[in-house]
């Protein structure tokens, strides 16, 4: 794969693309670039005021952008269901689903359905959303599902004995678990799509290290101490969004691949194929995670 250049991607006019969490950070930059490529972008966000402000900001720089804001709270399965029903009523196809939204190392809290917030929002909410929209995606030619993971998947482990961190909560370990769940979900989704004979592909991507709102729960004093030290190892959100855009738009992408920055330790650099931790390829753990996710969310698909 040659170096990815968003400027070489042709117009995406006519394509319907959902980007979750697109009012800020990586999601916003992803939506902005897709708008420039003339796609119809569904900005699926929890806070509608912020979503509308982000949409207006994009329209200020891309006046002809085709943007739609729709409410989606991934920490509330009823909201996910409502979003999906509203989308399916309005649109007869879905070319690309980008599962971008996420939270990182917050204080311990539960989603509306009683899940640990990071596992619930980052993984289970997107697992449920994907299942609800899958028939529409599969009915769309050349469709893709992109799942955002992180370099944090490498030290991550799926703790089936305490998935919701009820016994002990480590914000960092829960985040690592959720990001490992993301990449394992993408790979298991691809295996099941292939087995069922669908042409839709599932891929994963990660942004490296970027100064975005995702780090808002990092203690302020630690943030300001580390930022000068990390400044040479991080890249801006618009560059950090490139692996996602590669995964979503590049013609050379194949199902089950993983993309990220190609610089040192994959913290920054040009977008390309990324390294996958060996345990992220464990098909037995992925199968079990899928089955547990079905039980927790109440949806079954691709069985």
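The values are calculated or read from the model by the stated rules, or taken from the named source; none is laboratory data. Source: prediction; values computed, not measured. In this analysis, Cβ positions are derived from the backbone assuming ideal geometry, glycine residues included, and neighbour counts consider all displayed protein chains.
Going through (1) surrounded by fewer than 22 Cβ atoms within 10 Å (Cβ to Cβ); (2) under 18 Å from the mean Cα position of the chain (by Cα); (3) at pLDDT below 95 one by one, residue 201 falls short only on (3).
Candidates 101, 152: the one that is free of Cβ contacts under 8 Å to residues at least 40 places away in the same chain and under 18 Å from the mean Cα position of the chain (by Cα) is 152. When you look at residue 54, is it in a helix (DSSP H, G or I), within 20 Å of the chain's Cα centre (by Cα) and farther than 22 Å from residue 272 by Cα, yes or no? For residue 54, the condition - in a helix (DSSP H, G or I), within 20 Å of the chain's Cα centre (by Cα) and farther than 22 Å from residue 272 by Cα - is met. Restricting attention to the stretch 131-149, which residues are without any contact (Cβ under 8 Å) to a residue 60 or more places away in the chain and either part of a helix (DSSP H, G or I) or touching a helix residue (DSSP H, G or I) at 6+ places or on another chain (Cβ under 9 Å) (or both)? Result: 135, 136, 143, 145, 147.
For the stretch 155-170, the set of residues classified as more than 20 Å from residue 297 (Cα to Cα) and either modelled with pLDDT under 95 or surrounded by fewer than 19 Cβ atoms within 10 Å (Cβ to Cβ) (or both) consists of 155, 157, 167, 168, 169, 170, listed by residue number.
The residue pairs whose first member lies in the stretch 263-277 and is surrounded by fewer than 19 Cβ atoms within 10 Å (Cβ to Cβ), whose second member is modelled with pLDDT under 95 and not in a loop (DSSP other than H, G, I, E, B), and whose beta carbons are closer than 6 Å, counting only pairs six or more residues apart or on different chains, are 269/261.
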